[in-house]
1. Could you order the peptides 141-154, 284-297 from most to least packed, using the average number of other C-beta atoms within 10 Å per residue?
2. Just the number, please: carbon plus sulfur as a percent of the accessible area of the range 253-321, 1.4 Å probe, no ligands or DNA/RNA counted.
3. Would you mind getting me the FRET efficiency between ARG155 and MET55? Use the beta-carbon distance for r and R0 = 30 Å, nearest 0.05.
4. Rank-order 245-258, 155-168, 219-232 by packing density, defined as the average count of other C-beta atoms within 10 Å over each peptide's residues, highest first.
5. Under a crude label model (7 Å from the Cα following the beta-carbon direction), how far is CYS120 from ALA279 in nanometres?
Amino acid sequence: MRHVRLAKARSGSLLLTLPLLLPSLIAAAPVLAQDKAAANTTAASGDVVVVGARMKERRERARAFVHATGIARGQQPAARWIVPLCPKIVGVAPETAAIVHQRISMLAREVGALLAPAPCTANAIVTFTDDAPGLTRRVMARAPDQFRDVPPPWRDALSGGDAPVRWWHVIKTGDADGVPPVSLQPVFVQVAGGIGGGGLPMGEGGVQQRYKEGAISSQATRAIIGASVVIDVNRIGQRNDAHALGDYAALVALAEFRPATPPPPDSILGLFEETAPPATATPSDVALLKQLYAIPLDREAKAHRRLLAKALVGAQGRRGR
């Protein structure tokens with residue numbers, strides 16, 4: 001197990017004769033048959049009840065999981081990357097950065113996100129720092145457009161609070177086919193003050209809608225074109241395994257997670273909340289992201305939540321839960 005090493009960190013006996021026995025058996029045969037049929041009916045009915053209860057439980061658990069992630073919250077549809085991902089890790093020793101980069105790349109490939117071939121311009125940057133609130137405030141001051149799609153309460157938590165990891169995304173809106181109104185290449189701003197510094201993507205905004213046949217289409221899509229993940233080395237405590245941090249960073253970079261308190265169970269999002277948290281992204285995490293990267297983006301938020309929960313129900317069934 002490799003832990004984070006900073007780069008210059010500051011921071012379950014009766015015997016009956018045959019003539020007497022045969023009449024008794026003959027007389028009892030219809031009763032036995034009825035009892036067997038009744039038992040079979042009861043068993044079958046019980047199976048139906050048990051299976052039905054389990055399926056209902058799975059659905060409720062799946063809906064609760066999706067709700068706790070904050071994806072497709074309220075009336076806002078889900079977003080995903082539609083441009084190739086180019087991760088960059090700054091602020092830690094090269095061997096740690098390599099592990100985090102590998103974990104992000106592996107999860108992206110597994111769930112169906114595109115990866116840019118090297119060399120590429122970084123658009124998913126993970127920064128290790130000893131002052132996450134201060135670094136975030138500097139980015140807000142220099143590139144406020146980067147936080148246009150961040151809800152105000154979440155924005156306040158980014159610039160303050162004691163979260164060990166904080167993140168935000170640059171969102172591009174497009175028409176029902178995902179076609180944006182302007183270039184998808186985000187603008188970057190250099191920010192000093194993190195351990196190693198690093199460029200963070202800055203959004204451009206823009207909205208375009210176009211008519212498309214089909215009553216279920218929302219006529220618009222939201223896409224991720226940039227992500228920033230800031231890890232505060234002074235707040236992660238003993239949860240400093242590079243593989244776990246890499247999976248955590250990968251998860252929050254690949255989707256607009258706004259986890260509840262406490263975060264969803266059976267998720268790497270509980271890395272800093274549970275006494276025995278998962279060490280890697282869980283099957284539920286992977287199933288959720290796979291579905292996110294397969295569903296149509298031009299749908300309403302409630303449709304996205306339903307589709308994501310459906311995938312989780314299937315994943316629970318495959319695990320025999």
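1. Values: 141-154: 15.1, 284-297: 21.5.
Listed from highest to lowest mean packing, they are 284-297, 141-154.
2. Values: 1580 of 2920 Å².
Whole-percent figure for carbon plus sulfur exposure: 54.
3. On the way: r = 40 Å, r/R0 = 1.32.
Once rounded, the FRET efficiency stands at 0.15.
4. Values: 245-258: 26.1, 155-168: 17.4, 219-232: 23.6.
The densest-packed peptide leads the list: 245-258, 219-232, 155-168.
5. 2.9 nm
The values are calculated or read from the model by the stated rules, or taken from the named source; none is laboratory data. From a predicted model like this one, the values you see are computed outputs, not experimental measurements. Note that we place each Cβ from the backbone using ideal geometry, even for glycine, and neighbour counts take in every protein chain shown. In case anyone asks, the SASA skips ligands and DNA or RNA and just uses the protein heavy atoms, side chains included. Shrake-Rupley method; radii C 1.70, N 1.55, O 1.52, S 1.80 Å.
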